[in-house]
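In what follows, a structure is listed as structure tokens, so that the remarks can point back to it.
Every read-out reported here was derived from the displayed coordinates using simple, explicitly stated rules and does not represent laboratory data. No experiment lies behind these values; they were computed from the predicted model shown. No Cβ is skipped: glycine too gets one built from the backbone with ideal geometry, and neighbour counts run over all protein chains shown.
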Amino acid sequence: MAKVKEFSVEEKLVAVLTLQKIDSKIDEIKTLQGELPMEVKDLEDEIEGLQTRVTNINAEIDSINTFVGQKTDAKKEAQDLIKKYEKQQENVKNSREFEAINKELEMQELEVKLNDKHIKDAGYELKERTAAKDNTLAKIKEVNERLTEKRAELEKIIGETDKEEQMLIQRSADAKEKVDPRLLTAYERIRTSYHNGLAVVPIMRDSCGGCFNIIPPQRQSEIRQHKKIIVCEHCGRVLVDVELNDKVKLGK
Ligand SMILES: [Zn+2]
């Protein structure tokens, strides 16, 4: 065993606190990367939804155009009939026949008017649908721009933090070796049992920096003395005083 020297409580605390700070930094990087892929995914989903909307609008536009085609044909048919009836009227034998053809004529004229109205209404609808489509396409363009930005940001962060993360992982391994084995076991157990990965916390406003329960003054002064390792009686985290916490800096 190379380590003959017995470490003081303060040295043990500094070692475990250093490890905590390195590991928290690694957690921070992971969180940072963790949110960006989600944002990218959200934007991708949004674009997919907008594209579905465009597809639906296109189908509506197609069906309106088909409708207009049908009504134009019907109008043409009525107009042809009108021409035919007008010709027939020139050769009528009596007024009864004339009246009968006249009725047919009136009916076809009405048919023309009705088809005109349908075509006109469909024109308004077509205009409205086309505007909706243009809006959606503009929105897709806008979201796409944001997506491109976010993707670039993500790639940059992954590129940048990858090196930093690797370096911190190495530093964490080095720092681990300096931590008292029993303390390290406790540290790893506590760290994995809490979502925020905090196993060593400073006293903050007379409370535990992990669970925020009040720490009595007597206990606070014991913590400041560094005579023994003190854990929070509520959450089990190792407690350090603010001075010691501020002393331990990660640096580069
Ligand atoms: Zn606590």
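Please state, to two decimals, what the Cα-based radius of gyration of segment 1-150 comes to when divided by 2.2 N^0.38 Å (N = residues). Walk me through the numbers on the way to the answer.
Details: Rg = 37.8 Å, N = 150, 2.2 N^0.38 = 14.8 Å.
It is 2.56.
Using the reciprocal of the averaged 1/r over all distinct C-alpha pairs, how large is the Kirkwood radius of the chain in Å?
About 25.8 Å for the chain.
Here segment 50-118 yields Rg over Rh of 1.32, to two decimals, using C-alpha coordinates and the Kirkwood radius.
Computed over the Cα atoms, what is the radius of gyration of segment 78-213 divided by 2.2 N^0.38 Å, N being its residue count? Walk me through the intermediate numbers first.
Values: Rg = 41.6 Å, N = 136, 2.2 N^0.38 = 14.2 Å.
Cα Rg divided by the expected 2.2 N^0.38 Å: 2.92.
Exceedance of the 26 Å cut-off in Cα-Cα distance is limited, within the set 12/163; 120/141; 25/141; 21/41; 21/156, to 12/163; 120/141; 25/141; 21/41. Provide, for q = 0.26 Å⁻¹, the log10 of I(q)/I(0) from a solvent-free Debye sum over equal Cα point scatterers in segment 19-91. Debye curve over Cα of segment 19-91, log10 I(q)/I(0) at q = 0.26 Å⁻¹: -1.05. Across the alpha-carbon set of segment 148-252, the Rg to Rh ratio works out to 1.08, Rh being the Kirkwood radius.
Per-residue ellipticity at 222 nm from helix content only, as computed over the chain with -39500 (n - 2.57) for each DSSP H run of at least four residues, stands at -28000 deg cm²/dmol.
Given +1 at the Cβ of Lys and Arg, -1 at the Cβ of Asp and Glu and no other charges, the dipole of segment 143-203 around its Cα centre is 300 debye to the nearest 20. Candidates 74, 100, 58 compared by Cα position along the dipole of segment 54-129: farthest toward the positive end lies 100, with charges placed on Cβ. Annotation for segment 100-173 versus segment 1-77: alpha-carbon center distance of 21 Å.
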